[in-house]
Amino acid sequence: LSRYLSTGSFDMARTQALALLLIAALLPAAALPIAPHGPSDSRVDPRGGAALVHRAATAGREDAPLDVAFGFDFLHLVQEWPGSFCDSKQGCVWPTDQPVLGWLLHGLWPEFNNGTWPQYCDAAAPFNASALTDLLPELEAYWPSLMSKDFPAFWAHEWTRHGTCCEALTPQEHGYFALVLHLRETFDAFAILDAAGIHPGMNTTLGAVQGAIRATTGVAVEVGCNRAKDGTIQLYEIRACFAPMPSAKAGTPPASLVKALDCAKAADVSSCGGPHTPIHLPMFPHAAPVRPKARAQRALAAVAAK
């Protein structure tokens, strides 16, 4: 570097850029800041920025916020209403094949109780779409991307960023995606709200939504809102919380891996205005066909059984 500086062949911008790269290379991973997060109004995972890069990086420290057995404290199952996503200013890229009429999956995210989260935990476990062949029909119906028609790229992101941090619970990629689909079926937001009389195209309140879900599942969930292009507050996201079962291990059926629990931040209503603020549930995009009644009834029965 000094040779280039002395000859004047390195301009100031390049010098500064190289200096920043050198500093970044010398900083330990533990020095990265950890930021909190809450309900989002973007399909892009809102938890961008620094986080706990790898659970091994803090293992053994007295202040390490790690669950000894699993590397996290609980899981967020995040479901989004596509009508609210597509009705925002950013819009959406609607799938070629119509997804199911219902709340769509965003992901299953491991979390710590202190507000931080692990991410990108295993670089040696790249996404392998061929491992999910038997799950593809359900993934395309319930977990499509609304930002791109490249669904595998979206699933790859969810696996590498979040799924690899669940390997103590679901060691294989197939197990992680199977668990997410199972939890969606047993915590079907569409069936729950539909049975409570909360239908697309009507106004409701956060209190009514949370009350309907608690009455059916017995737990408190986090609810997030966003704004339509005209500024209307609309119901956008539901996050249910699950804790790993102490007896869970590799090979345990999805139904016995986790249990639902109250979300610690269920009382955070800031994005929806307040418990009694009117919020809108938009229609499902692109004139989706009515969901078969039998399917909705089965979904509700599965929720009630839990």
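The values are calculated or read from the model by the stated rules, or taken from the named source; none is laboratory data. Remember, predicted model here, so these are calculated numbers, not experimental data. Backbone-built Cβ (ideal geometry, glycine too); neighbour counts: all protein chains shown. Surface accessibility is based on the protein's heavy atoms, side chains included, excluding ligands, DNA and RNA. Shrake-Rupley method; radii C 1.70, N 1.55, O 1.52, S 1.80 Å.
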(message) Modelling each spin label as a point 7 Å along the Cα-to-Cβ direction, I'd like the D150/A123 distance in nm, to one decimal.
(response) 2.1 nm
(message) Using protein chains only and a probe of 1.4 angstrom, how many square angstrom of D230 are accessible, to the nearest 10?
(response) 120 Å²
(message) I want to check the label-to-label distance for T232 and Q98. Put each point 7 Å from Cα in the C-beta direction and report it in nm to one decimal.
(response) 2.2 nm
(request) Using Cα centres only, tell me the gap between region 70-106 and region 111-187 in whole Å. (result) 13 Å
(message) Run the simple label-point estimate for T277 and N114 please: 7 Å along Cα→C-beta, distance reported in nm.
(response) 3.1 nm
(request) Determine how large the accessible area of I192 is when every protein chain is in place; take a 1.4 Å probe and give Å² rounded to the nearest 10. (result) 0 Å²
(request) Identify the trypsin sites (Lys or Arg not before Pro) of region 182-244 meeting these criteria: DSSP loop state and at most 10 other C-beta atoms within 10 Å of the C-beta. (result) K229
(request) Kindly report, to the nearest 10 Å², the accessible surface of M147 as traced by a 1.4 Å probe over protein heavy atoms only. (result) 80 Å²
